[in-house]
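Participant: There's a structure below that I have some questions on.
The values are calculated or read from the model by the stated rules, or taken from the named source; none is laboratory data. Remember, it's a predicted structure, so these values are computed and weren't measured experimentally. All Cβ positions, even for glycine, are placed from backbone atoms using ideal geometry, and neighbour counts span all protein chains on display. Surface accessibility is based on the protein's heavy atoms, side chains included, excluding ligands, DNA and RNA. Shrake-Rupley method; radii C 1.70, N 1.55, O 1.52, S 1.80 Å.
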Amino acid sequence: MSRPQQTRFVTRALVLVVIIGLGALFAVHPYIANGTTVPPGQLPSWNPAVPCTAVLTSIEGIIGSQPNANGGATYAGGGFIPGIPNKRATSPPCTVNGNTTFVEVHGVQMLTLTNVVEDCAQYPNGNFCDTTSNFKDPKCASSDVNLCQMHMEIDQAWKSAGIAPQNPPVTTQLFDIQGFVYWDDGHLNDSWHSYTGWEIHPISAWRYSSSSTPDFGLTMNLNKLSVQQGSSSTATLAVTGLDGFNGTVTLSAFVTSKIANTTSVTLNPSSVSITPGGSATSILTIQASPSALVYNYWTVTLKGTNGGVTHTLLVTLAITRPPPDFNISASPASATITPGSSRSVTITLQSMYNFTGTVNLAASVAPADTTASLSPVGPSASLSPTSVNIAGNGSATSTLSVSTSLLTTPGTYTVTIRADSGTLSHSTTVTITVSLM
């Protein structure tokens, strides 16, 4: 073989070896971000308190595709066994038994149960709670939704130490997340935990994902909406242009069908125009009737549409009972009497929202017109009893007696009955007309 032939042979052999080697590397570590190969375990941490370098992976890469009896991911099928042995550690190990624990996941989206504050504990510098969220991979191809989503938590101990990230907003925008893989086998039968023990706990840092395609995101300024029975509340929905988006976004809102007849939601305005780099807001108004069902986890669905692109933001709604209270009424609310006579009125006090307690009553009389104001002797008012006890969801009555003398000038008078119980105070009025006829 001539020297040029030998040179070509050696060159081709080296190229072939390199190609085979790269193919083997990708088969073992297929970590691709934005079309660029990322060596495993070489992504820098976004949190200065974390010395580890992250492995780029996905939700599916963490939990695996092996379903258990409930449809959630198994421990054995996970890609980062065994996870973190102590989820409260503020300096978790970067590896356990040779397995990477610190990961970076791109392009995940929040689910309905968002930013739930739970599992609180007292630390020397105060009381701190976990902030928990559920995320999904919107590109996941599995027909089992439990194999496309994962529970993630910002840890209480990290908050106490001052190294935790801020809570992410409730938004349709995609997130990139760094954190430590953890397995909690106490949730294999919990639907809210996707019937699996896999978590990213703690989340050490997060950021918004970037994209080369113009798009928009929906973001709510509250982690959980809340409204009392018989009341209304508002929240702000922000529509943000992403990556040069320019266009009109049509907005809509609705609640789960079970409360649609007692709870309404509206957005004003119902469409917004977004310019590149810009954003707009719409006010969400929630109105709950007095009979709206009390529950902490109803769902409000918010949709934004532009052409063929629709984003859906699922926000948790709590319908709550107002605090215990009572109301007061008079029957009749008006009466006519002659000078030198009297009239009785029934005052009723009704418990609301399981109010229980003692209510003290007092009555006062004031002239309601010019003629009455000239009277040398006005009507007198008394209550019997002046104090009543109301049982939970019960009622009680007192009798208001209004008397006039022969010197009482005909005219109109207002009797005000005031009811007090602790910090609660309500009143009602009775109109008394003194007439010669």
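Participant: Find the all-direction average of the projected area of the Cα convex hull for region 325-365, expressing the result in square nanometres with one decimal place.
Facilitator: 3.7 nm²
Participant: Please report the orientation-averaged projected area of region 93-174, defined via the convex hull of its C-alpha atoms, in nm².
Facilitator: Details: hull surface 28.4 nm².
Approximately 7.1 nm², given one-decimal rounding.
Participant: Hey, another quick one. Quick one: net charge around Thr57, please, counting Lys, Arg +1 and Asp, Glu -1 for every other residue with C-beta under 14 Å from its C-beta.
Facilitator: Details: positive: Lys139; negative: Glu60, Glu104, Asp137, Asp176.
Once all neighbours under 14 Å are counted, the net charge is -3.
Participant: For Glu118, Glu104, write out the residues from largest to smallest accessible area, computed with a 1.4 angstrom probe and no ligands counted.
Facilitator: Per-residue accessible area, sorted high to low, gives Glu118, Glu104.
Participant: Run the numbers for Asp369 and Ala49: contour at 0.36 nm per residue of separation, minus the present Cα-Cα distance, in nm.
Facilitator: Details: separation 320, 0.36 × 320 = 115.20 nm, distance 7.48 nm.
Answer, rounded to one decimal: 107.7 nm.
Participant: Once fully extended, how much extra length lies between Ser401 and Thr236, figured as 0.36 nm per residue of separation less the alpha-carbon to alpha-carbon distance? Present the calculation step by step, with values, prior to reporting the outcome.
Facilitator: Details: separation 165, 0.36 × 165 = 59.40 nm, distance 5.17 nm.
Roughly 54.2 nm would be gained on extension.
Participant: What angle do you read, to the nearest 10 degrees and between 0 and 90, between the alpha-carbon axis of helix 3-28 and the longest principal axis of the chain?
Facilitator: Approximately 30 degrees, to the nearest 10.
Participant: Once phi is turned into ³J(HN,Hα) by the Karplus curve 6.51 cos²θ - 1.76 cosθ + 1.60 with θ = phi - 60°, what whole-Hz value does each residue of region 353-365 show in order, with x for glycine and proline?
Facilitator: 6, 6, 5, 9, x, 9, 10, 9, 10, 8, 10, 9, 10
Participant: Same structure again: Would you be so kind as to identify which of Ser212, Tyr75, Ser373 lies farthest towards the positive end of the dipole of the chain, taking Lys and Arg as +1 and Asp and Glu as -1 on Cβ and the Cα centre as origin?
Facilitator: Ser212
Participant: Would you work out which of Thr348, Val103, Ser331 lies farthest towards the positive end of the dipole of the chain? Charges go on Cβ: Lys and Arg +1, Asp and Glu -1.
Facilitator: Result: Val103.
Participant: Which peptide among 400-406, 318-324 comes first, and what is the full order, when sorted by highest mean count of other Cβ atoms within 10 Å? Please list the in-between numbers first.
Facilitator: Numbers: 400-406: 16.7, 318-324: 15.1.
Put in order of decreasing packing, that is 400-406, 318-324.
Participant: Full extension from Ala141 to Asn70: what is 0.36 nm times the residue separation minus their Cα-Cα distance, to one decimal in nm? Could the numbers behind the result be given before it?
Facilitator: On the way: separation 71, 0.36 × 71 = 25.56 nm, distance 1.87 nm.
Result: 23.7 nm gained on full extension.
Participant: Additional query: Take the solvent-accessible surface of the protein heavy atoms, probe 1.4 Å, and return the percent of it on the chain that carbon and sulfur atoms account for.
Facilitator: Heavy-atom surface of the chain belonging to carbon and sulfur, 1.4 Å probe: 53 percent.
Participant: Considering only region 50-204, what is the antiparallel percent among its DSSP beta bridges, to the nearest 5? Don't skip to the end; give the middle numbers.
Facilitator: Details: 26 of 31 bridges.
Among the beta bridges of region 50-204, antiparallel pairing accounts for roughly 85 percent.
Participant: With each pseudo-label sitting 7 Å past Cα toward Cβ, what's the Asn354-Thr338 distance in nm, one decimal?
Facilitator: 5.3 nm
Participant: Please report the antiparallel percentage of the DSSP beta bridges confined to the chain, to the nearest 5.
Facilitator: Values: 120 of 133 bridges.
DSSP beta bridges in the chain are roughly 90 percent antiparallel.
Participant: Which of the lysines could be linked to Lys159 by a straight reach, that is with a Cα gap under 25 Å, when you skip same-chain ones fewer than 8 residues away?
Facilitator: Within the straight-line cut-off, Lys159 pairs with Lys87, Lys136, Lys224.
Participant: Taking the square root of 5 times each eigenvalue of the Cα gyration tensor, what semi-axes in Å does the equivalent ellipsoid of region 204-264 have, largest first? List each step's numbers first, then the result.
Facilitator: Working: eigenvalues 183, 51, 21 Å².
They are 30, 16, 10 Å, listed largest first.
Participant: Still on this structure: Could you run the Debye sum over the Cα atoms of region 353-422, one equal point scatterer each and no solvent, and tell me log10 of I(q)/I(0) at q = 0.17, 0.24, 0.25 Å⁻¹, two decimals?
Facilitator: Computed log10 I(q)/I(0) values: -0.67, -0.98, -1.03.
Participant: Say the dipole of the chain comes from +1 at the beta carbon of Lys and Arg and -1 at that of Asp and Glu; which of Gly278, Ile319, Asn221 then lies farthest toward its positive end?
Facilitator: The one lying farthest along the dipole's positive direction is Gly278.
Participant: Using helices alone, what [θ] at 222 nm do you get for the chain, with -39,500 (n - 2.57) per DSSP H run of 4 or more residues, divided over all residues and rounded to the nearest 500?
Facilitator: Values: 4 runs with 41 residues, N = 437.
Computed mean residue ellipticity for the chain: -3000 deg cm²/dmol.
Participant: Check which residues have an amide H placed less than 5 Å from Asp190's amide H, if you skip close sequence neighbours.
Facilitator: Here Tyr195, Thr196 satisfy the definition.
Participant: Placing unit charges on C-beta atoms (Lys and Arg positive, Asp and Glu negative, everything else neutral), compute the dipole magnitude of region 191-344 about its Cα centre in debye, rounded to 20.
Facilitator: Details: 6 positive and 4 negative charges, 79 e Å.
For region 191-344, the charge dipole is close to 380 debye.
Participant: Please identify, among Ala235, Ala368, Ala157, the residue showing maximal mean-square fluctuation in a Gaussian network model of the chain using a 10 angstrom Cα cutoff.
Facilitator: Judging by the Gaussian network model, the answer is Ala368.
Participant: Provide, in order from the shortest bin, the percent of all Cα-Cα pairs of the chain in each 20 Å bin, continuing until the bin that contains the maximum pair distance.
Facilitator: 19, 35, 23, 15, 5, 1, 0, 0
Participant: Hey, another quick one. Place a +1 charge on the Cβ of each Lys and Arg in the chain and a -1 charge on the Cβ of each Asp and Glu, then give the dipole magnitude about the Cα centre in debye, rounded to the nearest 20.
Facilitator: Details: 15 positive and 19 negative charges, 101 e Å.
Charge dipole of the chain: 480 debye, to the nearest 20.
Participant: Here's something else I'd like to know. Say R0 is 45 Å: what FRET efficiency, to the nearest 0.05, do Thr431 and Thr262 get from their beta-carbon distance?
Facilitator: Values: r = 35 Å, r/R0 = 0.79.
Computed FRET efficiency for Thr431 and Thr262: 0.80.
Participant: Using a 1.4 Å probe, what is the accessible area per residue for the chain, in Å²? The partial results should precede the final answer.
Facilitator: Working: 21110 Å² over 437 residues.
That works out to 48 Å² per residue.
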